[in-house]
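Here the structure comes first, spelled out in structure tokens, and everything after it is commentary.
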Protein chains: 2
Amino acid sequence: MKVLTVERKILKKNDDIAAENRQRFKQANLTVLNLLSSPGAGKTTLLERTLEKLANRYRVAVVEGDVQTDNDARRIAKHHVPVVQVVTRGGCHLEANLVQEAVANFELDALDLLFIENVGNLVCPANYDLGENLKVVIISTTEGDDKPLKYPPMFRVAHVCVINKIDLLPYVDFDIQKARDYARGINPDLRFFELSARTGEGLEDWIRWLESLIPKSTA
Amino acid sequence: MKVLTVERKILKKNDDIAAENRQRFKQANLTVLNLLSSPGAGKTTLLERTLEKLANRYRVAVVEGDVQTDNDARRIAKHHVPVVQVVTRGGCHLEANLVQEAVANFELDALDLLFIENVGNLVCPANYDLGENLKVVIISTTEGDDKPLKYPPMFRVAHVCVINKIDLLPYVDFDIQKARDYARGINPDLRFFELSARTGEGLEDWIRWLESLIPKSTA
């Protein structure tokens, strides 16, 4: 068995635009979350359940990133929040300039919370700062508990880790404690939520935490 | 709701090296499969079950591609087949030159079947020809049946689609017929296998098909 390694570079220009975005979000007193995961981990479903709980009490908007289709934006639009779909046409991640262009469609000062749902990809989006306040990585119990070890950059940059699909725990080989330990080994400051976006189990803590991010004056 | 689109370019040089690989594999009378999927769809587990059935009767080798760790190569090595781990250190896909370097460690003329397990990513690896004979995309029933629509490039380039984790069908919202129809809409020539690498259900057809790819003289 032999191990080969390769180095990668990260785009520089992206960071400058991300800094502009961050400045703009701060001016607007807006909390911005970047949702990151593999395809099918449940980002959109989590977002739908979240909007059901929050959209009637806070001013929420969504940027949807997808390789193709506006299916996700249509799912989100049903919850009566402003949504912009970014279709990357094969592109594997969102970049700060795409987010800048997308949020130009919102009145940022009139928002409390902005969710950016990144392209389903546990690798590339880790390298691209979008100007968000917090990165949330979502893993699901069907993906195996070794994912933090195998995709460490994503867990290194994340602030929060949602472990989704806990309703499937009886049917899969997934050790939550192992997954948490692996992830904390990479990033000791990670905060965890364990939930099922499908059944709603564990959603309350997540919602309460999101509410705590919204400046009190607007609540 | 607004839709923005972006164009992407594909590396040219990669195709030249892929052509060299393809030529070399042909000389060696070797069948090469490129296994592609999201993180956690079950590529490595499928490979392990496959090696259990084939490794005592055919000369099989494996190239493992991972962002980090040699965990997968260690799982494969237990099955007593030659394996080379390529660690991309954050890189989101294998490229033809990495495969060329990796297979230099094998005696290609003495092999019947080579599996290349790509990095877990349903986007980027679709753009990189490695010189393989066949691309196999693996999706799992926990990812949602809309994946072909949302990641069409991968399904366009694939020859075969394995639908894995059929043991979880009773517990998830996944319509196999829908997934097949979506995928066939993108690529009418796709061949499907439905199986559970975990329970072994449906594995026979997959194994029989793999055997049919091996030139008879070596069987």
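The values are calculated or read from the model by the stated rules, or taken from the named source; none is laboratory data. No experiment lies behind these values; they were computed from the predicted model shown. In this analysis, Cβ positions are derived from the backbone assuming ideal geometry, glycine residues included, and neighbour counts consider all displayed protein chains.
Residues in segment B:58-70 that are more than 17 Å from the chain's Cα centre (by Cα) and among the acidic types (Asp, Glu): B:70 only.
For segment A:88-98, give me each residue that is crowded, with 19+ Cβ neighbours inside 10 Å and either farther than 19 Å from residue A:18 by Cα or more than 10 Å from every other protein chain (Cβ to nearest Cβ) (or both).
A:90, A:96
Residue B:67: out of contact with any Asp or Glu (no Cβ under 6 Å at 6 or more places or on another chain) and either at the interface with chain A (Cβ under 9 Å from one of its Cβ atoms) or surrounded by 22 or more Cβ atoms within 10 Å (Cβ to Cβ) (or both), yes or no? Yes.
Return the only residue of A:55, A:28, A:73 being among the small types (Gly, Ala, Ser) and more than 18 Å from the chain's Cα centre (by Cα).
None of the other options fit; the residue is A:28.
Filtering segment A:153-163 for residues that are over 24 Å from residue A:207 (Cα atoms) and either under 16 Å from the mean Cα position of the chain (by Cα) or buried (at least 18 other Cβ atoms within 10 Å of the Cβ) (or both) leaves a non-empty set. Does residue B:74 qualify as being over 23 Å from residue B:163 (Cα atoms), in a helix (DSSP H, G or I), of a type in the set (Lys, Arg) and without any contact (Cβ under 8 Å) to a residue 40 or more places away in the chain? Yes, satisfied.
With respect to residue A:81, is the statement that it is crowded, with 22+ Cβ neighbours inside 10 Å, under 18 Å from the mean Cα position of the chain (by Cα) and at pLDDT 95 or above true? Break it down stepwise before answering.
Numbers: crowded, with 22+ Cβ neighbours inside 10 Å: no; under 18 Å from the mean Cα position of the chain (by Cα): yes; at pLDDT 95 or above: yes.
Answer is no for this residue.
Set side by side, the residues B:173, B:145, B:181 differ, and just one is acidic (Asp, Glu), surrounded by fewer than 20 Cβ atoms within 10 Å (Cβ to Cβ) and facing chain A (nearest Cβ under 10 Å), which is B:173.
Kindly provide the set of residues from segment A:88-98 that are out of contact with any helix residue (DSSP H, G or I) (no Cβ under 6 Å at 6 or more places or on another chain) and not in a loop (DSSP other than H, G, I, E, B), ordered by number.
Initial filter on segment A:88-98 (out of contact with any helix residue (DSSP H, G or I) (no Cβ under 6 Å at 6 or more places or on another chain)): A:88-89, A:91, A:94, A:98.
Of everything in segment A:88-98, just one residue is out of contact with any helix residue (DSSP H, G or I) (no Cβ under 6 Å at 6 or more places or on another chain) and not in a loop (DSSP other than H, G, I, E, B), namely A:98.
The residues of segment B:99-120 that are hydrophobic (A, V, I, L, M, F, W, C), assigned to a loop (DSSP other than H, G, I, E, B) and away from chain A (no Cβ under 12 Å) amount to a single one, B:111.
For residue A:120, work out the one condition from (1) on the phi < 0 side of the Ramachandran plot; (2) touching an Asp or Glu at 6+ places or on another chain (Cβ under 7 Å) it doesn't fulfil. Condition not satisfied by residue A:120: (2). Among the residues of segment B:121-142 satisfying the criterion of being in a strand (DSSP E or B) and more than 10 Å from chain A (Cβ to nearest Cβ), which is farthest from residue A:197 (Cα to Cα)? Going through the qualifying residues, I end up with B:134.
Do we find a residue being under 21 Å from residue A:16 (Cβ atoms) and without any contact (Cβ under 8 Å) to a residue 40 or more places away in the chain anywhere in segment A:129-151?
Within segment A:129-151 (the criterion being under 21 Å from residue A:16 (Cβ atoms) and without any contact (Cβ under 8 Å) to a residue 40 or more places away in the chain), the answer is no, since none of the residues qualifies.
Would it be correct to say that residue A:75 is more than 7 Å from chain B (Cβ to nearest Cβ), farther than 21 Å from residue A:31 by Cβ and in contact with a helix residue (DSSP H, G or I) (Cβ under 8 Å, 6 or more places away or on another chain)? Yes, satisfied.
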